[in-house]
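Structure, as structure tokens:
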Amino acid sequence: MILKRSMSIVVALIMCVQLWGCANMSDQSRTRAEGAGVGALVGGLIGLAAGDTKGAIIGALAGAGVGYLVGNEIAKRKAKYASEEDFLNGEINYLAQMNETTRKYNMQLAMDIKKLNKQVKSLRASYAKHKVKRSKLVKKKSELQKKIAKNDQMLKELQKEYQINVAILDEQKKKGKEKDPKVAKLEKEVEILKKNIDALQKNAKQLAEMDERLSV
């Protein structure tokens, strides 16, 4: 009974949000409203999955906020172009550049991690034999944490970009443009972006493990 009532509330919230996206809205306003609606749905379902009535409502509202921010960012980007075709070309080019930059970054980071692993292993062994002072480990840990902070920031930016472009693809598919060559190109870049994110997360995990090993 509680679950049904919670679901009803979540659905009502989504319907309210989606009413913003009515036919008389501009394309940009509709993009914002649809983003909020999708966010509300995801957030609400997460709350319901946890079996939490209050959490479902809070999740729906929070999700709507995130979804609106994504929709708002898309609307801002669209406003910079004269046509939707130009907008899609711009997104494809931007994402392609981001993917290439991230690919190179991941390659360099992977090489850095190999060197760092050897350094950390050597430092730990020397410290265990009282051959180096604790300050040496602290210094290396400080250097490593700067790299972790940079990596985390890049990961955050990539994940945000992924959310935005997934929303753009969803919007295009709702318009029946899934077979459009430009949509196909954008989808390919989004898939590459996801792989880059996965690689970055793998590297982040290794950095965190090394950071833990330097704790004394």
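The values are calculated or read from the model by the stated rules, or taken from the named source; none is laboratory data. Note that this is a predicted model, so its numbers are computed, not measured. Quick reminder, even Gly has a Cβ in these numbers, built from the backbone with ideal geometry, and neighbours come from all protein chains shown.
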* To do: Mind telling me which of the residues Ala204, Ala110 ends up being farther than 22 Å from Asp86 by Cβ, surrounded by 14 or more Cβ atoms within 10 Å (Cβ to Cβ) and touching a residue at least 24 places away in the same chain (Cβ under 8 Å)?
  => Ala204
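In segment 99-136, how many residues are of a type in the set (S, T, N, Q) and closer than 13 Å to Gln206 by Cβ? Explain how you work it out, then say what you get.
Keep residues of segment 99-136 that are of a type in the set (S, T, N, Q), which gives 99, 101-102, 106, 108, 117, 119, 122, 126, 135.
Among the residues that remain, those that are also closer than 13 Å to Gln206 by Cβ are: 106, 117.
Residues flagged as of a type in the set (S, T, N, Q) and closer than 13 Å to Gln206 by Cβ within segment 99-136 amount to 2.
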* How many residues does segment 113-151 hold that are exposed (fewer than 14 other Cβ atoms within 10 Å of the Cβ), of a type in the set (D, E, K, R) and part of a helix (DSSP H, G or I)? -> 9
* To do: Among residues belonging to segment 153-197 that are among the charged types (D, E, K, R) and within 11 Å of the chain's Cα centre (by Cα), point out the one that is surrounded by the fewest Cβ atoms within 10 Å (Cβ to Cβ).
  => Lys156
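From the list Lys195, Lys173, which one is modelled with pLDDT under 95 and farther than 30 Å from Ser135 by Cα? Spell out the reasoning first.
Working: Lys195 fails: modelled with pLDDT under 95.
When all the criteria are applied, what remains is Lys173.
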* **Glu189 vs. criteria modelled with pLDDT under 95 and either of a type in the set (Asp, Glu) or on the phi > 0 side of the Ramachandran plot (or both)** => no
* Name, by its number, the condition in (1) surrounded by 13 or more Cβ atoms within 10 Å (Cβ to Cβ); (2) assigned by TED's automatic domain parsing to the domain that holds Lys202 that does not hold for Ile74. => (2)
* Conditions (1) at positive phi; (2) touching a residue at least 24 places away in the same chain (Cβ under 8 Å): number failed by Asn89 -> (1)
